[in-house]
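Everything below concerns the one structure shown next.
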Amino acid sequence: MARRSREDSEATRQSILDAAVELFLEQGVTRTSLAEIAAKAGHTRGAIYHHFENKGQIIEELIHSVCLPFDELFNEKNAQSLEQFHRQVLKTMQCNFADEKRKRIHTILFHRCEFTEDLNPVYEESIQKTKRRLDFTIDVFRRAQQRGEVAAHFDPAQLGFTLQSMCIGLYWQYLREPWKGNLHVDLELALALFFNGLKATQPSQLSLGETA
């Protein structure tokens, strides 16, 4: 009986999360109330509060149920060579594009979510994760530069920021307007241009702010 009770509780929890995803996608996080989520899931508000104190906890649960972009790269094995890192970045982002559950939850985070007071813990956690991913990526480029795989005039910190911004920007745009372009082709081309450019032996002749 205890096992069935746990199974029923987990089923209720999952139905709440599923209902939240549908409503968040339809009308955004801020406009969605816990009462609406309960009604959508076919439960009482009491059932909601048994599992979640607020919408922030629901969002946090959704985030933890999927890998965020770049999370799979957070691994020492992926930094053995610049070529390997290039392949892993491409593979990681392609996995995000192919996974429907990730795309739905990422769409909520990127396009349907305003970080109000009850979402502050989620926001702070995302900031810390972003900083750790950026530090790791910078270290990848720093070591690649020491091995001679990246030209000496490049700043590893700028490279890390540029790569992360480029990948997240492409993904953000794809989630917003998936009918435009071919993201797999766009990403592969963008990464090829970026990584191949790291081998350039001379810095650009253009100063920042100049145009050709």
- Query: Which order do Cys167, Cys113 fall in if you start with the one that has the fewest other Cβ atoms within 10 Å?
  - Reply: Cys113, Cys167
- Item | the range 71-197, relative contact order in percent, only Cα pairs under 8 angstrom and at least six apart counted | 29
- Query: Radius of gyration and Dmax for the range 2-52's Cα atoms, expressed in Å?
  - Reply: 11.2, 37
- Please state, rounded to one decimal and in Å, the Kirkwood hydrodynamic radius that the range 71-197 gives when every pair of distinct Cα atoms enters the mean of 1/r. 15.7
- Item | Proxy reagent accessibility, fewest Cβ within 10 Å first, across His50, His86 | His50, His86
- If r is the Cβ-Cβ distance from Asp8 to Cys95 and R0 is 30 Å, what FRET efficiency results, to the nearest 0.05? 0.35
- Counting Lys and Arg as +1 and Asp and Glu as -1 over every other residue whose Cβ sits under 10 Å from the Cβ of Ala41, the net charge comes to -1
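Quick note: the coordinates plus some simple rules give every number you see, no bench work behind them. Everything quoted here is computed from the prediction, not taken from an experiment. When we count neighbours, we look across all protein chains shown, and the Cβ atoms used for this are built from the backbone with ideal geometry, even at glycine.
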